[in-house]
Amino acid sequence: MSAPRKDEISAILKEQIKGFQYDLDMSEIGVVVEVGDGIARVFGLQRAMAAEIVEFPNNVYGLVLNLEEESVGVALFGESERVQESDEVRRTGRVLETVVGEDLLGRVVDPLGRPLDGKGDIAANERRKAEIKAPGVVARQPVNIPLQTGLKSIDAMTPIGRGQRELIIGDRRTGKTAIALDTIINQKGNGVICVYVAIGQKNSTVARVVSTLERHGAMEYTTVVVADANSPAPMQYLAPYAGCAMAEHFTYNGKDAFIVYDDLSKHAVAYREMSLLLRRPPGREAYPGDIFYTHSRLLERAVRLSDEHGGGSLTAFPLIETKAGDITAYIPTNVISITDGQIYLEGDLFNQGFRPAVNIGKSVSRVGGAAQIKAMSQIAGELRLELSQYRELEAFAEFSADLDEESKAQLARGDRLLEVLKQDQYRPMPVEEQVVALYIAVENHLAEVEVSAVRRFEEAWLRFLHTEHEEILADLRTTQALTDENKNALNRAVVEFKERFGG
Ligand SMILES: Nc1ncnc2c1ncn2[C@@H]1O[C@H](COP(=O)(O)OP(=O)(O)O)[C@@H](O)[C@H]1O
Ligand SMILES: [Mg+2]
């Protein structure tokens, strides 16, 4: 006799279950037929919705993921060891929600909003669905207010607008997290609420992030959502959606929010693991076929709402880790196509000491240009032109021994411009400081400064302006533009500065 086929087993089981539980409605209730690795296969539950929460005995909950005719796949939260075969499962009729609200600021929580920082209970009186349909076009308005990262190489060259999705991509240890953290730190005092979602990271790494944010006074307006490397795959999968809901609470109350997903490569791996356990057919690089949709419906929730909808915004930085700089792998290509641009970080630049290691030529921001303040766009145009000429010349200079004076001068200028684009970690700068720092480079006031002294010169220049000519910075803050007046004032100030410091 041959072994019964899978569908025959199902049929037998179904008959038996029907027999034992004739009084129960199998569309509302199911029975566990298989459990392991945080996933349960449940027979019945025919009316369950995708992403519905179902209840197991012993207070264990699960998330419905796979809807098939005979059975559903359920990702288990909590102590999944307590779920056994033949356990009964009930519908709750609710889709997954997480705790949201002001109480989450300053806190480290899991994706369900439960505290992980030992700082006591969080009032759970406000909840939001972890998954919502992204707002349509009519609820949106154009992105035209800047989200300042505080980093010269980004705010000048690839400006970000509130409501934008900008990918931060690069190999490991190229400064992706650093850019995200500096951006959070730079929101201090400007009312932008931040959420940092740590997915599949080591606990010690997350602890460092939290203490960094604390040290810079940034936890006051930030929530850290953690599903670390030891968390079950479903928790890691859920983390970005839950974090997004926590940020959306503010967005939909008319505020500006900023969220970091660190990172979606690990998120994709968690989703792949879950899908393999659910025995979904694997696709390219063994990722399930809907991984693109998984990331696009998350990132589509970035928004700048119309004024009728309160005018709030959600800006998102998804992070992606590449291997050997390969942005053509499946997940990077996907996320590049979903976002409004990318900041491309390069290991070589990082190792040469060019930090933040932004490859300016390969980085783009498709919507942020409209959001740049006028003073910055005045400088950025010039900067971009100079740098592209510099790159051409540099390639040419490699092959020719004697360059004419003009080319030499242009290379020298480029060297100094690149120096000014460097920036230490944890030192985000207000935009008017960025403008005056870049101004002296673009206007060729650094010609006689040694390349190695440029950064010290820049620092002294900023200190000088703050102590002697705060009025110029104040004027830039209010006019937001370079005018003949403040340019003249800046030019006079540079002369005065050089005399005083013997630059
Ligand atoms: N602008 C910078 N200046 C100096 N060090 C930096 C800078 N950016 C990052 N680093 C350091 O480089 C290392 C890698 O940065 P990290 O942000 O953790 O990289 P990733 O997230 O890409 O793995 C960290 O030790 C970080 O402190
Ligand atoms: Mg990192």
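Miscellaneous remarks
- Here Q389, Q372, Q378 are screened, and the one residue that is out of contact with any strand residue (DSSP E or B) (no Cβ under 9 Å at 6 or more places or on another chain), touching a residue at least 40 places away in the same chain (Cβ under 8 Å) and on the phi < 0 side of the Ramachandran plot is Q378.
- Enumeration of residues in the range 165-195 that are more than 21 Å from A247 (Cα to Cα) and of a type in the set (S, T, N, Q): T174
- Complete set of residues in the range 361-377 that are modelled with pLDDT of 90 or more and either touching a Gly at 6+ places or on another chain (Cβ under 6 Å) or open to solvent by less than 70 Å² (accessible area, probe 1.4 Å) (or both): S363, V364, S365, R366, Q372, I373, A375, M376, S377
- Selected residue (criterion: farthest from ligand 2 (Cβ to nearest atom)) from residues of the range 345-383 that are farther than 21 Å from E432 by Cα and of a type in the set (D, E): D348
- Of all the residues in the range 256-281, those that are without any contact (Cβ under 8 Å) to a residue 40 or more places away in the chain, open to solvent by 40 Å² or more (accessible area, probe 1.4 Å) and either within 15 Å of Y241 (Cβ to Cβ) or within 16 Å of ligand 2 (Cβ to nearest atom) (or both) number 0.
- Hey, N144 more than 26 Å from G118 (Cβ to Cβ), in contact with a Gly (Cβ under 9 Å, 6 or more places away or on another chain), among the polar types (S, T, N, Q) and open to solvent by 40 Å² or more (accessible area, probe 1.4 Å) or not: yes
- Check on V226, closer than 29 Å to G361 by Cα, modelled with pLDDT of 95 or more, within 16 Å of ligand 2 (Cβ to nearest atom) and β-branched (V, I, T): no
- You will find that of G170, G163, G106, the residue that is over 26 Å from S306 (Cβ atoms), of a type in the set (G, A, S) and either buried (at least 24 other Cβ atoms within 10 Å of the Cβ) or in the same structural domain as V54 (by TED's automatic domain parsing) (or both) is G170 and no other.
- Sole exception among (1) within 12 Å of ligand 1 (Cβ to nearest atom); (2) β-branched (V, I, T); (3) over 19 Å from the mean Cα position of the chain (by Cα) for V358, by number: (3)
- When Q434 is tested against (1) within 16 Å of ligand 1 (Cβ to nearest atom); (2) loosely packed, with under 13 Cβ neighbours inside 10 Å; (3) assigned to a helix (DSSP H, G or I), exactly one condition is not met: (2).
- Test result for Q187, assigned by TED's automatic domain parsing to the domain that holds E300, modelled with pLDDT of 95 or more and away from ligand 2 (no atom under 16 Å from the Cβ): yes
- Verdict on K176 being open to solvent by 10 Å² or more (accessible area, probe 1.4 Å), modelled with pLDDT of 95 or more and away from ligand 2 (no atom under 16 Å from the Cβ): no
- Checked against (1) in contact with a helix residue (DSSP H, G or I) (Cβ under 8 Å, 6 or more places away or on another chain); (2) more than 15 Å from ligand 1 (Cβ to nearest atom), G189 passes all but condition (1).
- Among the residues listed as P240, P288, P234, the single one being at pLDDT 95 or above and open to solvent by less than 10 Å² (accessible area, probe 1.4 Å): P240
- Pairs with Cβ under 6 Å, 6+ apart, first in the range 199-210 and in the same structural domain as V269 (by TED's automatic domain parsing), second assigned to a helix (DSSP H, G or I) and within 13 Å of ligand 2 (Cβ to nearest atom): I199/K266; G200/K266
- Just one of (1) on the phi > 0 side of the Ramachandran plot; (2) surrounded by 13 or more Cβ atoms within 10 Å (Cβ to Cβ) fails for G353. It is (2).
- Qualifying positions in the range 159-185 - within 16 Å of ligand 1 (Cβ to nearest atom) and not in a helix (DSSP H, G or I): E166, L167, I168, I169, G170, D171, R172, R173, T174, G175
The values are calculated or read from the model by the stated rules, or taken from the named source; none is laboratory data. All values derive from a computational prediction rather than experimental measurement. Glycine gets a Cβ as well: all are built from the backbone with ideal geometry, and neighbour counts include every protein chain shown. Surface areas here come from the heavy atoms of the whole protein model, side chains and all, with no ligands, DNA or RNA. Shrake-Rupley method; radii C 1.70, N 1.55, O 1.52, S 1.80 Å.
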